[in-house]
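Quick notes on the structure that follows.
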Amino acid sequence: MTITTIGLDLAKNVFQVHAIDEAGTVVVRKALRRVQVIPFFTRLSPCLIGIEACGTSHYWARELQKLGHEVRLMPPAYVKAYVKRGKTDAADAEAICEAVMRPTMRFVPVKSREQQAELSLHRVRSLIIKQRTQLINMARGHLAEFGVCIPQGINNALHLLEKSLDGDVGMDLPEPALAMLQVLARQALLAHEQIRDVDRQLHVLCRTNDVAHRLTTVPGVGPVGAAAFAAAVTDPGQFKSGRQFAAWLGLTPLQNSSGGKERSGRISKMGDKYLRKLLVVGA
């Protein structure tokens, strides 16, 4: 039994394997527990392994590459076309095995541990910003019930919440209402300080990363945007032009052409929405 190509469907605990030989004959179709994955591929000769790109795919790709295998990650949307019928793990693994051999398939570069760690800063920062916004909006609604209107702006809201912790709010609030306002204030101020800590880490990262440092010379690109693009774009050389990079980000018009008639709609929004947001904010 000589295995040449494998389709590996990832999961939390149960992984599905679909392997074929040089003639395209199915030689292995089985499910593996998480602890069985590495021992299974250790016993195999180096072969081509296809995996759908997802949150854990980069980790497994690095581990399988250490064993000498060639690993290729593919966007799930491109693999879906090869699923014959139904939705099962076995059908998905078979589709992955079929898609990875296509000469026109587009692949996702494998990210390093350092790049994933850098991207985690941006994800955590976005989450804390949302939580801070929720807390401030809750405080605004809480005070509006007592006829108090907080001026617009994040700094004005944080300044008032900080004063509420000292008891110097300058407003007549019932004791339970003031106590709840102070709970919101402590949470919002803590989130604000955590955001500043993450921003400081991104500034340091931007100074030490050569690519991010050069990106800051672009007008409208700051430390946050530069660090995000340097971590998210693993191999800039895969793009032949700036327009191709814009298409990868989802900034080019969505095509709906037929019969020789060109119809261009809104931007496709097919790429990373976080990177697009940073470009919009920078613009």
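The values are calculated or read from the model by the stated rules, or taken from the named source; none is laboratory data. Since this is a predicted model, take the numbers as computed values, not measurements. All Cβ positions, even for glycine, are placed from backbone atoms using ideal geometry, and neighbour counts span all protein chains on display. Protein only, heavy atoms only, side chains kept; ligands, DNA and RNA dropped before computing areas. Shrake-Rupley method; radii C 1.70, N 1.55, O 1.52, S 1.80 Å.
Out of 112, 164, report the one residue that is within 30 Å of residue 211 (Cα to Cα) and small (Gly, Ala, Ser).
Values: 164 fails: within 30 Å of residue 211 (Cα to Cα).
Going through 112, 164 in turn, just one is within 30 Å of residue 211 (Cα to Cα) and small (Gly, Ala, Ser): 112.
Does any residue in the range 239-256 that is without any contact (Cβ under 8 Å) to a residue 40 or more places away in the chain and farther than 18 Å from residue 274 by Cα come within less than 7 Å, Cβ to Cβ, of a residue that is surrounded by 14 or more Cβ atoms within 10 Å (Cβ to Cβ) and of a type in the set (D, E, K, R) six or more places away or on a different chain, and which pairs are these?
Listed by first residue and then by second, the contacts come to nothing, as the list is empty.
Considering every residue within the range 146-154, establish whether at least one is over 29 Å from residue 274 (Cβ atoms), outside any helix (DSSP H, G or I), open to solvent by less than 70 Å² (accessible area, probe 1.4 Å) and of a type in the set (A, V, I, L, M).
Yes, because at least one residue in the range 146-154 is over 29 Å from residue 274 (Cβ atoms), outside any helix (DSSP H, G or I), open to solvent by less than 70 Å² (accessible area, probe 1.4 Å) and of a type in the set (A, V, I, L, M).
Restricting to the range 141-152, name every residue that is within 19 Å of residue 187 (Cβ to Cβ) and small (Gly, Ala, Ser).
141, 144, listed by residue number.
Given the conditions (1) loosely packed, with under 14 Cβ neighbours inside 10 Å; (2) not in a loop (DSSP other than H, G, I, E, B), and given that residue 59 satisfies all but one, which numbered condition is not satisfied?
Residue 59 satisfies every listed condition except (1).
Filter the range 155-171 for residues that are within 13 Å of residue 185 (Cα to Cα) and small (Gly, Ala, Ser); which is surrounded by the fewest Cβ atoms within 10 Å (Cβ to Cβ)?
The extreme case among them is 167.
Could you please find all residues in the range 1-35 being within 27 Å of the chain's Cα centre (by Cα) and open to solvent by 20 Å² or more (accessible area, probe 1.4 Å)?
Within the range 1-35, 10, 11, 12, 13, 14, 16, 33, 34, 35 qualify.
Would you check which residues across the range 204-221 are outside any loop (DSSP other than H, G, I, E, B) and surrounded by 14 or more Cβ atoms within 10 Å (Cβ to Cβ) and list them?
205, 206, 211, 212, 213, 215
Mind telling me which of the residues 131, 116, 65 ends up being within 30 Å of residue 205 (Cβ to Cβ), open to solvent by less than 70 Å² (accessible area, probe 1.4 Å) and in a helix (DSSP H, G or I)?
Working: 131 fails: open to solvent by less than 70 Å² (accessible area, probe 1.4 Å); 65 fails: open to solvent by less than 70 Å² (accessible area, probe 1.4 Å).
Of the residues listed, the single one that is within 30 Å of residue 205 (Cβ to Cβ), open to solvent by less than 70 Å² (accessible area, probe 1.4 Å) and in a helix (DSSP H, G or I) is 116.
Looking at residue 53, is it surrounded by 15 or more Cβ atoms within 10 Å (Cβ to Cβ) and touching a Lys or Arg at 6+ places or on another chain (Cβ under 9 Å)?
It is false that residue 53 is surrounded by 15 or more Cβ atoms within 10 Å (Cβ to Cβ) and touching a Lys or Arg at 6+ places or on another chain (Cβ under 9 Å).
Within the range 174-188, can one find any residue that is farther than 24 Å from residue 134 by Cβ and either small (Gly, Ala, Ser) or open to solvent by 80 Å² or more (accessible area, probe 1.4 Å) (or both)?
yes
Please name all residue pairs, on different chains or six or more residues apart, with Cβ atoms under 7 Å, provided the first residue is in the range 86-106 and is part of a loop (DSSP other than H, G, I, E, B) and the second residue is open to solvent by 60 Å² or more (accessible area, probe 1.4 Å).
Correct list of pairs: 100/72; 105/78; 106/78.
Can you find even one residue in the range 73-86 that is hydroxyl-bearing (Ser, Thr, Tyr), within 30 Å of residue 115 (Cα to Cα), open to solvent by 20 Å² or more (accessible area, probe 1.4 Å) and touching a Leu at 6+ places or on another chain (Cβ under 7 Å)? Steps first, please.
First pass over the range 73-86, keeping only residues hydroxyl-bearing (Ser, Thr, Tyr): 78, 82.
So of that shortlist, the ones also within 30 Å of residue 115 (Cα to Cα) come out as 78.
Still in the list and also open to solvent by 20 Å² or more (accessible area, probe 1.4 Å): 78.
Narrowing further to those that are touching a Leu at 6+ places or on another chain (Cβ under 7 Å): none.
The answer is no, given that none of the residues of the range 73-86 is hydroxyl-bearing (Ser, Thr, Tyr), within 30 Å of residue 115 (Cα to Cα), open to solvent by 20 Å² or more (accessible area, probe 1.4 Å) and touching a Leu at 6+ places or on another chain (Cβ under 7 Å).
In the range 224-264, what count of residues is obtained for those that are in contact with a Pro (Cβ under 8 Å, 6 or more places away or on another chain), open to solvent by less than 50 Å² (accessible area, probe 1.4 Å) and small (Gly, Ala, Ser)?
Adding up the residues that qualify gives 0.
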